[in-house]
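Notes follow once the structure below has been shown.
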Amino acid sequence: IAAATSGSVARTAMLAVGSGAGITRDMPVIGTDGLVGRTLEVGRQSARVLLLTDPLSRVPVIVERTGQAGLAVGRNLPTLLLTDRIGPELALVAGDRIVTSGDGGVYPPGVPVGVVVDPRADGPVIRLATSPLGGGFATVESAWLPFTAPTYRPPLEAADQLNPPVEPVSGLA
């Protein structure tokens, strides 16, 4: 990570690698202690990273202790909010570890996101596992399950029924 911003509107970082090194959009960026964000824009020799704390950031996560799934949402603060929890109706406690779930196809499962520091029921607060503002080294990985549009190919028998052979019409001059 070459630089990071903590502006009032966007939270981004710059990587000193880009498309020349195989970086593409929507690749997870992982620091030494946990998830940093995902690539947003990529140039030949640099890439911009959307940090977890950005208000546009949404990461599918799991609470390790309870198995509850949810979203870690950026809110332009040094902490995240855990929203849209589904799963067992268990109260969270301070210290619950939050990791990526692998849902959504971008982030691999099991990457540390943070720990719950305020378990309030209306939206638990998560302290990040790693701080991108300190700079340092990060890995950029391929998307966990990159989206590919499904292709439908009917079986050969069905294809014949959809496009029956045309019989030549006789007697036309």
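The values are calculated or read from the model by the stated rules, or taken from the named source; none is laboratory data. Keep in mind that this is a model prediction, so the values were computed, not measured. As a convention, Cβ positions derive from the backbone with ideal geometry for all residues, glycine included, and neighbour counts pool all protein chains shown. These accessible areas exclude ligands, DNA and RNA; they are computed on the full protein's heavy atoms, side chains included. Shrake-Rupley method; radii C 1.70, N 1.55, O 1.52, S 1.80 Å.
Considering segment 69-173, the qualifying strands (runs of 3 or more DSSP E), each wholly inside and each with 2 or more residues that are at pLDDT 90 or above, run over 69-74, 79-86, 97-100, 112-118, 125-128. Residues in segment 67-113 that are more than 26 Å from ARG25 (Cβ to Cβ) and β-branched (Val, Ile, Thr): THR79, ILE86, VAL93. Taken as a whole, the structure places ASP84 among residues that are open to solvent by 80 Å² or more (accessible area, probe 1.4 Å) and touching a Leu at 6+ places or on another chain (Cβ under 9 Å). All told, GLY67 falls short of being open to solvent by less than 30 Å² (accessible area, probe 1.4 Å) and at positive phi. Of the candidates THR39, THR53, THR66, the single residue that is part of a loop (DSSP other than H, G, I, E, B), within 19 Å of SER131 (Cβ to Cβ) and either free of Cβ contacts under 8 Å to residues at least 40 places away in the same chain or touching a Lys or Arg at 6+ places or on another chain (Cβ under 8 Å) (or both) is THR53.
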